[in-house]
Amino acid sequence: MKDVEQLSFAFRGPRPVRRPLRDPVHQPALREALAARLAAHLPGPPFRLLLTDNTSTVLSARRRHGRLEVRLHHMFLEADGPVLAALGAYLSGRASRAEGRLVDDFIARHRDRLRPGGVRAGAGPRGRVYHLERIRDALGRAYFGGPLAVPIAWGRAGRRGRRRFIQLGAYSFEDGCIRVHPALDQAWVPAAVVVAVVYHELLHHVLGARQAGRRRLVHTREFRAREALFVHQARVRAWEAAHLGELLRSRGRRKGE
């Protein structure tokens with residue numbers, strides 16, 4: 001298992017060059033053909049398919065006006081039968097871990113279809129000190145068998161106030177994005193701390209959530225066991241406890257500003 005110092009040497013690498021495509025989003029024939037192929041793997045009431053060119057949300061689904069509305073990045077026009085079968089299982093809420101990994105691998109192979117940009121306007125993965133996409137990809141190689149196509153960006157500091165808690169990272173199960181608090185993008189914050197936060201959120205992406213009645217369980221026994229595999233976990237927890245006050249005071253400011 002690689003440690004954080006070794007990971008730092010894995011951050012370099014060329015970004016994929018986005019392949020030129022005729023506009024696939026506004027072509028009804030392409031959308032209808034994909035919808036027909038997906039319908040074979042998505043039993044139930046009719047659904048509405050929308051194609052997007054987003055960078056933040058590659059796939060999502062929600063109930064609207066009594067039917068399922070599915071939003072897919074146009075990269076899925078190239079999906080074959082097994083990928084569409086796994087996608088159908090995912091959208092039906094019955095995907096196995098292997099099916100989830102199949103969809104993740106497909107997205108990773110088609111990252112060149114994504115428009116350049118961050119998770120949302122005004123935020124991106126490149127900070128003043130740390131580059132989140134490089135950290136994500138290095139962790140993918142070290143702990144997950146390869147890079148994971150998870151949108152990741154620095155979040156916004158929000159309003160300052162008298163608070164005793166700061167959420168250093170967040171994973172959205174709705175749109176599959178990771179955001180990291182900008183208070184960590186400072187030279188006095190150890191790299192291991194930023195890496196540990198990203199690793200924690202990547203585990204949420206990989207392991208998903210388990211429903212127990214009305215509760216959604218995310219920090220399961222398996223999650224905690226996988227989190228403990230990070231080699232600097234104990235040191236990071238101790239540092240966070242010792243420097244919580246400084247992080248709360250900085251809230252996105254760089255030390256010395």
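Given the residues 86, 29, 108, 35, which is the only one that is in contact (Cβ under 8 Å) with a residue 12 or more places away in the chain, assigned to a helix (DSSP H, G or I) and farther than 24 Å from residue 209 by Cβ?
35 is the lone residue from the list that is in contact (Cβ under 8 Å) with a residue 12 or more places away in the chain, assigned to a helix (DSSP H, G or I) and farther than 24 Å from residue 209 by Cβ.
If you take the residues in the range 56-87 that are under 20 Å from the mean Cα position of the chain (by Cα) and not hydrophobic (A, V, I, L, M, F, W, C), which one is surrounded by the most Cβ atoms within 10 Å (Cβ to Cβ)?
73
In the set 164, 101, which member is of a type outside the set (Ser, Thr, Tyr), in a loop (DSSP other than H, G, I, E, B) and modelled with pLDDT under 90?
164
Conditions (1) assigned to a helix (DSSP H, G or I); (2) surrounded by 11 or more Cβ atoms within 10 Å (Cβ to Cβ); (3) at pLDDT below 85, marked per residue:
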residue: 158; (1), (2), (3): no, yes, yes
residue: 170; (1), (2), (3): no, yes, no
residue: 192; (1), (2), (3): yes, yes, no
residue: 211; (1), (2), (3): no, no, yes
residue: 219; (1), (2), (3): no, yes, no
residue: 240; (1), (2), (3): yes, yes, no
residue: 253; (1), (2), (3): no, yes, yes
residue: 257; (1), (2), (3): no, no, yes
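Let's see how each residue does on (1) surrounded by 13 or more Cβ atoms within 10 Å (Cβ to Cβ); (2) modelled with pLDDT under 50; (3) closer than 30 Å to residue 193 by Cα:
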{"site": "4", "(1), (2), (3)": "yes, yes, yes"}
{"site": "17", "(1), (2), (3)": "no, yes, no"}
{"site": "25", "(1), (2), (3)": "yes, no, no"}
{"site": "31", "(1), (2), (3)": "yes, no, no"}
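Being free of Cβ contacts under 8 Å to residues at least 12 places away in the same chain and either in a loop (DSSP other than H, G, I, E, B) or β-branched (Val, Ile, Thr) (or both) is the filter here, so list the residues in the range 221-238 that pass it.
228
Out of the range 171-222, which residues are polar (S, T, N, Q) and under 20 Å from residue 100 (Cα atoms)?
Those that are polar (S, T, N, Q) and under 20 Å from residue 100 (Cα atoms): 172, 211, 220.
The values are calculated or read from the model by the stated rules, or taken from the named source; none is laboratory data. Owing to the predicted nature of the structure, the values given are computational and were not obtained by experimental measurement. Virtual Cβ from ideal backbone geometry, glycine too; neighbours counted across all protein chains shown.
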